[in-house]
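Below you'll find the structure, written out as structure tokens, and then a few comments.
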């Protein structure tokens, strides 16, 4: 978006891959971070404010990408900023019908977790600034992405996705009114200097947005687990966890240990027990979705949060208190810490 002083600010992150040859050593995290800072500083000098996320990968990463949303978008809409202009041709071709529904559900779950800080802030007042509106718009846009993958009708552009959802409005599990809200969010994403979407004009609109996300979350879990409408959230969750293989759980915990060795050392007995039931990703999804749903249901400035919910997090609080937490803000922050440390930038 363009600011009043003429500068340009990117509301989301600019995600980039740094591709190195098969024999080259991958840059260390500190080196990648230094490059990110240098790029941000150069952009700032050009009047552009942006957060850059740089992920180093070897060239074989492109050849081995399985069918999923990221790979599909990388091949069809990715841009080469520097280097071999044809390198993205290494990404295997994939049809939208091949995109896994489980990948679409994870996308929705990620957006719900990322929305938690905004849900906390907007529980009493509507979002006003572009920065406050953006997470809600992002939720709606990726709800459309997730839904269309389930319907085998995915498209790589925002406007085309909104158009496809409109075509199937009568069969949309979220209702025709939500389709109109999605169209407003799409136009705001493409032209953020226009008026904000009317669906976020009040705190009630934000509560309804969480309700819509929960409805889609439930519908997709019912589809994934072949469950009926009367299944509770907990039943759907347990059925979904039973479908996760031991191998996928183990990969998740190994990835978590590599990414955060100090936490693995401190919590290994706890992690060994948790690994028997779910991956770190799914434990964090479970805690975060419960918190999000509670915020929308209670609408209280300081809703209580069961210690049992926090106990689902791989990196728990440092104390051993078992009573209810007096501030949900603590739980919101802790879910965010676990998510950023153990889930972001990994598919494990």
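Sorting 63, 58, 123 by the number of Cβ atoms found within 10 Å of their own Cβ, with the fewest placed first, yields 63, 58, 123.
Apply 1/(1 + (r/R0)^6) to the Cβ-Cβ distance of residue 89 and residue 215, taking R0 = 35 Å, and write down the FRET efficiency to the nearest 0.05. Once rounded, the FRET efficiency stands at 0.35. One chain, two ends: residue 49 and residue 32. Fully extended at 0.36 nm per residue, the span grows by 4.2 nm beyond their Cα-Cα distance. Ranked by how many other Cβ atoms sit within 10 Å of their own Cβ, fewest first, the residues 75, 340 fall in the order 340, 75.
For the chain, the spread of Cα coordinates along the three principal axes comes to 55, 49, 42 Å, biggest extent given first.
Sorting 30, 157, 296 from the fewest to the most surrounding beta carbons within 10 angstrom yields 30, 157, 296.
For the chain, a Gaussian network of Cα nodes joined below 10 Å ranks 56, 100, 192 by mean-square fluctuation, and the top entry is 56. Distance from the Cα centroid of the range 256-273 to that of the range 47-98 is 31 Å (rounded to whole angstrom).
Mean-square fluctuations from a GNM of the chain, with a 10 angstrom spring cutoff on Cα atoms, peak among 93, 180, 252 at 93. Panel note: the C-alpha atoms of the range 147-241, placed on their principal axes, show extents of 44, 31, 23 Å (largest first). Between residue 346 and residue 242, how high is the FRET efficiency from 1/(1 + (r/R0)^6) when r is the Cβ-Cβ distance and R₀ = 25 Å? Nearest 0.05. Plugging the Cβ-Cβ distance into 1/(1 + (r/R0)^6) gives 0.65. Of the residues 277, 161, 242, which exhibits the maximal mean-square fluctuation in a Gaussian network model of the chain defined by a 10 Å Cα contact cut-off? Checking each option, the largest mean-square fluctuation is seen for 242.
Values in this text are rule-based calculations from the coordinates and carry no lab data. Just so we're clear, the structure is a prediction, and the values are computed from it rather than from any experiment. FYI the Cβ positions are ideal-geometry reconstructions off the backbone, even for glycines, and counts take in every protein chain you see.
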